[in-house]
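Enquirer: Shown below is the structure under consideration.
A short reminder: the numbers here are calculations on the coordinates, not readings from a lab. Note that this is a predicted model, so its numbers are computed, not measured. All Cβ positions, even for glycine, are placed from backbone atoms using ideal geometry, and neighbour counts span all protein chains on display.
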Amino acid sequence: SVYTASTTAPVNIATLKYWGKRDKTLNLPTNSSISVTLAQDDLRTLTSVATSKSFSEDQLWLNGKLESLESERTQHCLQDLRNLRAKLESGDSSLPPMSTWKLHIVSENNFPTAAGLASSAAGFAALVVAIAKLYQLPESASEISKIARKGSGSACRSVFGGYVAWEMGSEADGSDSKAVEVAPQSHWPEMKAAILVVSAAKKDTPSTSGMQHTVTTSDLFQQRIHNVVPQRFEEMKKSIQDRDFDLFAELTMRDSNSFHATCLDSYPPIFYMNDTSRQIVKLCHQINEFFNKTIVAYTFDAGPNAVLYYLQENETKLMAFIHQVFQRNSGWESKFSKQDLAAFD
Ligand code: DP6
């Protein structure tokens, strides 16, 4: 017989960035991070897995295409899952010996790869959670997140929905480097995210090598991980618990800027943001200044696209404003007149 399971995992966008590893094989980070998971049905990976004694090899279909499962990271995840299943089987002889069987995996993203979004986080999270389900592993979500982490660091945060922290941990074997829930999505349902696609082109420096380059060459990076992030991690968790958008937004924007500053401080420097990205930063600050209130926060990952966070109540005025500015295709450099904006207030 064939056994199957499936699951979805959401895309997560860090509001406090993971940038730097202390262990490359285990994906152990040099700082804790926080993310806000986009709503499940918006941007997600759907993964179905099947296993049977009759399957002759492990196979993966990604968006309809047969892909290799050979990467060390994927093998690491599969091995961990099989070991946990084997442990279960050794204690209960009535269980089918799935740990020795091959897997067929079918994975689909509901967003275009060309949107320039990191799909590896949702991808590894969905893969690991689907197999954990198939194997009926009793481990908690945080425990399972440690396996997803070995696939891609940021993937551990996609094992949860809502507001998630990845605690960096201190153990050399990674046993305390895991994702935990800060709050469920329902705690602060008014929070919305918009992605401004600046460029769909593939990023020039992949995050894995980019962060290694920063760790080994940037002085500012040491300042960031030791003197900035630890306190920011606590403050950001509190801003979420208190639903304090003002504070959450400021910390998010500051952390994006801090991360990109360490990229610029790497030698030779890494540039992820481009002119349009910087214009979006400027525009967000102008909007907040204009309304005399923080209504929007930006954050940028290892590429030029912006993710904006805002509260539902401000969506209409924010989007009207952004459309207006983009359509005019000028005026980026100047501050907007009050008359210009009055129509959206
Ligand atoms: C800028 O998780 O893709 O998006 O662990 O090497 O797979 P690996 O890196 P990855 O890095 C993500 C970097 C980031 C920040 C973040 O998501 O926290």
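Enquirer: Nearest-5 percent of antiparallel DSSP beta bridges in the chain?
Expert: Of those bridges, close to 90 percent are antiparallel.
Enquirer: Quick one: if the Förster radius is 22 Å, what FRET efficiency do Glu181 and Lys238 give, using the C-beta to C-beta distance and rounding to 0.05?
Expert: 0.90
Enquirer: Give, in nm to one decimal, the length gained when the segment between Thr217 and Lys87 is fully stretched (0.36 nm per residue of separation minus the Cα-Cα distance). Write out the running numbers ahead of the final one.
Expert: Working: separation 130, 0.36 × 130 = 46.80 nm, distance 4.29 nm.
Result for the pair: 42.5 nm of gain on full extension.
Enquirer: May I pose another question? Using only Cα atoms, tell me the angle between helix 275-291 and the longest principal axis of the chain; keep it within 0 to 90° and round to the nearest 10.
Expert: 60
Enquirer: May I pose another question? Roughly how tilted is helix 245-264, in degrees to the nearest 10 and between 0 and 90, from the longest Cα axis of the chain?
Expert: Helix 245-264 sits roughly 80 degrees off the main axis of the chain.
Enquirer: Still on this model: Would you look at the GNM of the chain, springs on alpha carbons closer than 10 Å, and say which of Ser152, Ser186, Ser258 moves the most?
Expert: Of Ser152, Ser186, Ser258, the most mobile in the Gaussian network model is Ser186.
Enquirer: Same structure again: If I fit a long axis through the Cα atoms of helix 207-217 and take the longest principal axis of the Cα atoms of the chain, what angle between them do I get, 0 to 90°, rounded to 10?
Expert: The helix 207-217 is inclined about 70 degrees to the chain.
Enquirer: To continue, here is another question. Within region 7-52, which trypsin sites (Lys or Arg not before Pro) sit in a loop by DSSP and count at most 13 neighbouring Cβ atoms inside 10 Å?
Expert: Lys24
Enquirer: Now a separate question. Give me the percent relative contact order of the chain, please, defined on Cα pairs under 8 angstrom at least 6 residues apart.
Expert: Relative contact order for the chain comes out at 18 percent.
Enquirer: Return the loop-located GluC sites (Glu not before Pro) in region 3-102 (DSSP other than H, G, I, E, B) with at most 11 other Cβ atoms within 10 Å of their own Cβ; answer none if there are none. Provide the component values of the computation, followed by the final result.
Expert: Values: sites: Glu57, Glu67, Glu70, Glu72, Glu89; in loops: Glu57, Glu70.
When the GluC sites (Glu not before Pro) of region 3-102 are filtered for loop state and at most 11 Cβ neighbours within 10 Å, Glu57, Glu70 remain.
Enquirer: Pull out a ≥ b ≥ c, the square roots of the eigenvalues of the alpha-carbon gyration tensor of region 220-286, then state rounded if a/c is under 1.5, prolate if not and a/b is larger than b/c, and oblate in the remaining case.
Expert: Here region 220-286 falls in the oblate category.
Enquirer: Here is a further query. How would you classify the chain from its alpha-carbon gyration tensor, with a ≥ b ≥ c the square roots of the eigenvalues: rounded for a/c under 1.5, else prolate if a/b is greater than b/c, otherwise oblate? Could you put the intermediate results ahead of the total?
Expert: Values: a/c = 2.02, a/b = 1.79, b/c = 1.13.
It is prolate, given that a/c is not under 1.5 and a/b is the larger ratio.
Enquirer: With a cut-off of at most 14 other beta carbons within 10 Å, and DSSP calling the residue loop, which trypsin sites (Lys or Arg not before Pro) in region 75-106 qualify? Please list them.
Expert: In loop regions of region 75-106 (DSSP not H, G, I, E or B), there are no sparsely surrounded trypsin sites (Lys or Arg not before Pro).
Enquirer: Report, ordered by chain and residue number, the aspartates and glutamates lying within cross-link reach of Lys146, taken as a straight Cα distance under 15 Å and ignoring same-chain residues fewer than 8 apart.
Expert: Asp23, Asp80, Glu167, Glu171, Asp173, Asp176, Glu181
Enquirer: Given the options Ala130, Ala194, Ala14, which has the most mean-square fluctuation in a GNM of the chain, springs set between C-alpha atoms less than 10 angstrom apart?
Expert: Ala194
Enquirer: Moving on to the next point. If each DSSP helix of 4+ residues adds -39,500 (n - 2.57) and the sum is divided by the residues in the chain, what number results at 222 nm, nearest 500 deg cm²/dmol? Spell out each step's value before the answer.
Expert: Details: 10 runs with 130 residues, N = 345.
Rounded to the nearest 500, it is -12000 deg cm²/dmol.
Enquirer: Can you find, among Cys77, Gln241, Ser33, the residue farthest towards the positive end of the dipole of the chain? Put +1 on the C-beta of Lys and Arg, -1 on that of Asp and Glu.
Expert: The listed residue farthest towards the positive side: Cys77.
Enquirer: Further question on the same structure: Too long at a 26 Å Cα-Cα cut-off: which of Lys192/Lys237; Lys24/Lys238; Lys21/Lys192; Lys87/Lys178; Lys150/Lys238?
Expert: Numbers: Lys192/Lys237 17 Å; Lys24/Lys238 30 Å; Lys21/Lys192 30 Å; Lys87/Lys178 21 Å; Lys150/Lys238 28 Å.
Violating the 26 Å Cα-Cα cut-off are Lys24/Lys238; Lys21/Lys192; Lys150/Lys238.
Enquirer: So, R0 is 30 Å and r is the distance between the beta-carbons of Asn274 and Ser170; what FRET efficiency does that work out to, to 0.05?
Expert: 0.20
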